[in-house]
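S.K.: Sharing a structure with you now.
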Amino acid sequence: MKSLEELKELREKLQKDIAMRDDSEKPKIIIGMGTCGIAAGARNILQAVLEEIDKRNLDIVVTQTGCIGMCEKEPLLDVQLPGKKRVTYGNLEVNDVKRIIVEYVINGKIVEDLAIAHFEE
Amino acid sequence: MRELSLHILDIIQNSIAAEASLVEVVIEEDLKKNLFSIQVKDNGQGMAADQLKTITDPFVTTRQTREVGLGIPLLQKAAEQCAGELKINSIPGEGTVLTVYFQYDHIDRAPLGRLVETIIGLIAVNPAIDFIYSYLYNGRVFKLDTREIKQELGQLAINQTEILNWLRDYLKEGLKDLRR
């Protein structure tokens, strides 16, 4: 069985290789978690985002929002890259998450066929 | 919703919207009483009696983006289809308690589904909120209290990848162990 003791070891290990950075300069991914989003599969999208972050060892802030009034386009995910417009991706499938992370979050190229809106902050 | 764990994720969104800092979830499987129950209790802003009366009406919502609120009515319907019911109590300034009961072996009762992903997802995107999950299975209990985890972690964020992965395994093991 796992015990909380293991957390202490993990903490010591992690503290060595984590440079504290200001969250505002990190890319941010915002998942729509209204009833509409959850019913359409937001939890799977969130899980896929967490898996990609783990797999690629990325430093990204993941957060959530409620219904933004585009229920028919759920599940939705917004990406806010530092200093750029906020881009909304919609009608997502789990497999789309990898593309958004690789093409947009890492390489800065908007995934045109999945993007449905962008906003000035 | 296809899974009760998705309803749980959805109902907790109400606690988050009510600015709760602590959310307690108790899930109980009582095979002797043939009962499956879920309780979500928060310390959010709560609701006054007149708002509480209309809470299960889908055409009453506090949201600004559209005019229907479906979360609670959906869960209530799901329970009523399974010879169960939904109860909700709230005190303004203190918080809200929602409890939903299902007949355990009812043919229409949705499975609990991937509860661990609901919990990990909530912790990942709401690191400032504390969650207490208690899972009761035939009188045995598994509990996760993020306040205890945070104490162990000190300065380290609870939603770091390595910590989330550890928590995921911890939950999976703990919940599996309950059924041994």
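S.K.: What is the average number of partner chain Cβ atoms found within 10 Å of a Cβ in B:12-25?
M.R.: That works out to 1 on average.
S.K.: Also, I was wondering about something else. Tell me, what HN-Hα J-couplings in whole Hz come from the Karplus equation 6.51 cos²θ - 1.76 cosθ + 1.60 at θ = phi - 60° for each residue of the stretch B:109-117, using x for Gly and Pro?
M.R.: Karplus-based 3J(HN,Hα) across the stretch B:109-117 equals 6, 5, x, 5, x, 8, 4, 4, 5 Hz.
S.K.: For chain A, with only Lys/Arg (+1) and Asp/Glu (-1) charged at the beta-carbon, what is the dipole magnitude about the Cα centre, in debye rounded to 20?
M.R.: With only Lys, Arg, Asp and Glu charged at Cβ, the dipole is about 160 debye.
S.K.: Here's something else I'd like to know. Please compute the average number of Cβ atoms from other chains found within 10 Å of each residue's Cβ in peptide A:29-39.
M.R.: Counting Cβ atoms of other protein chains within 10 Å of each residue's Cβ and averaging gives 6.
S.K.: Averaged over its residues, how many other protein chain Cβ atoms are within 10 Å of peptide B:118-125's Cβ atoms?
M.R.: Mean partner-chain Cβ count within 10 Å for B:118-125: 6.
S.K.: In addition: Apply the Karplus parameterisation 6.51 cos²θ - 1.76 cosθ + 1.60, with θ equal to phi minus 60°, to every residue of the stretch B:155-167 and state each ³J(HN,Hα) to the nearest whole Hz, in sequence, with x for glycine and proline.
M.R.: 6, 6, 6, 5, 9, 5, 3, 5, 6, 4, 5, 5, 4
S.K.: Same structure, new question: Per residue, what volume in Å³ does the convex hull of the Cα atoms of the stretch B:110-179 enclose?
M.R.: For the stretch B:110-179, the hull spanned by Cα atoms encloses 92 Å³ per residue.
S.K.: Need one value: the accessible area of A:Thr65 in square angstrom, 1.4 angstrom probe, rounded to the nearest 10.
M.R.: A:Thr65 has an accessible surface of roughly 50 Å² with all protein chains in place.
S.K.: Round to the nearest 0.05 the FRET efficiency obtained for A:Glu93 and A:Ser3 when R0 = 25 Å and r is the Cβ-Cβ distance.
M.R.: 0.05
S.K.: Another question, then. Quick one: divide the alpha-carbon radius of gyration of the stretch B:44-160 by 2.2 N^0.38 Å and tell me what you get.
M.R.: 1.27
S.K.: While we're here: Which of A:Gly90, A:Gly32, A:Gly108 ends up with the largest GNM mean-square fluctuation for chain A, with Cα atoms connected below 10 Å?
M.R.: A:Gly108
S.K.: Which pairs in the list B:Lys32/B:Lys172; B:Lys41/B:Lys176; A:Lys73/A:Lys109; A:Lys2/A:Lys26 are over 27 Å apart, alpha-carbon to alpha-carbon?
M.R.: Among B:Lys32/B:Lys172; B:Lys41/B:Lys176; A:Lys73/A:Lys109; A:Lys2/A:Lys26, the Cα-Cα distance tops 27 Å for A:Lys2/A:Lys26.
S.K.: Per residue Cα convex hull volume for the protein assembly as shown, in cubic angstrom?
M.R.: 143 Å³
S.K.: Past the 19 angstrom mark, what percentage of all C-alpha to C-alpha distances in chain A do you count?
M.R.: 50 percent
S.K.: Here's something else I'd like to know. Using unit Cβ charges (K, R positive; D, E negative) and no other charged atoms, how large, in debye to the nearest 20, is the dipole of chain B about its Cα centre?
M.R.: 340 debye
S.K.: Mean-square fluctuation check for chain A, GNM, Cα pairs under 10 Å: which of A:Asp54, A:Asp78, A:Asp96 is largest?
M.R.: Of A:Asp54, A:Asp78, A:Asp96, the Gaussian network model singles out A:Asp54 as fluctuating most.
S.K.: Given H placed on each backbone N at 1.01 Å, which residues far from A:His118 in sequence or on other chains put an amide H within less than 5 Å of it?
M.R.: A:Thr88
S.K.: Could you sort B:Phe59, B:Phe131 by their accessible area in this structure, using a 1.4 Å probe and putting the largest first?
M.R.: Output order, biggest surface exposure first: B:Phe59, B:Phe131.
S.K.: Taking the full set of protein chains and a 1.4 angstrom probe, give the accessible area of A:Met70 in square angstrom, rounded to the nearest 10.
M.R.: 40 Å²
S.K.: Per-residue HN-Hα couplings for the stretch B:72-87, Karplus 6.51 cos²θ - 1.76 cosθ + 1.60 at θ = phi - 60°, whole Hz, x for Gly and Pro?
M.R.: My calculation for the stretch B:72-87 gives 5, x, 5, 5, 4, 4, 4, 5, 5, 5, 10, 6, x, 7, 10, 10 Hz in order.
S.K.: I would also like to ask the following. Put +1 on the Cβ of each Lys and Arg and -1 on the Cβ of each Asp and Glu in the stretch B:1-121; which of B:Ile119, B:Leu74, B:Leu86 then has its Cα farthest toward the positive end of the dipole?
M.R.: B:Leu74
S.K.: Calculate the dipole size of the protein assembly as shown relative to its Cα centre from +1 charges on Lys and Arg beta carbons and -1 charges on Asp and Glu beta carbons; express the result in debye to the nearest 20.
M.R.: 360 debye
The values are calculated or read from the model by the stated rules, or taken from the named source; none is laboratory data. Keep in mind that what you see is a predicted model, and the values were worked out from it rather than measured. Positions of Cβ are backbone-derived with ideal geometry, glycine not excepted, and every protein chain shown enters the neighbour counts. Keep in mind that these areas ignore ligands, DNA and RNA; they rest on the heavy atoms of the full protein, side chains included. Shrake-Rupley method; radii C 1.70, N 1.55, O 1.52, S 1.80 Å.
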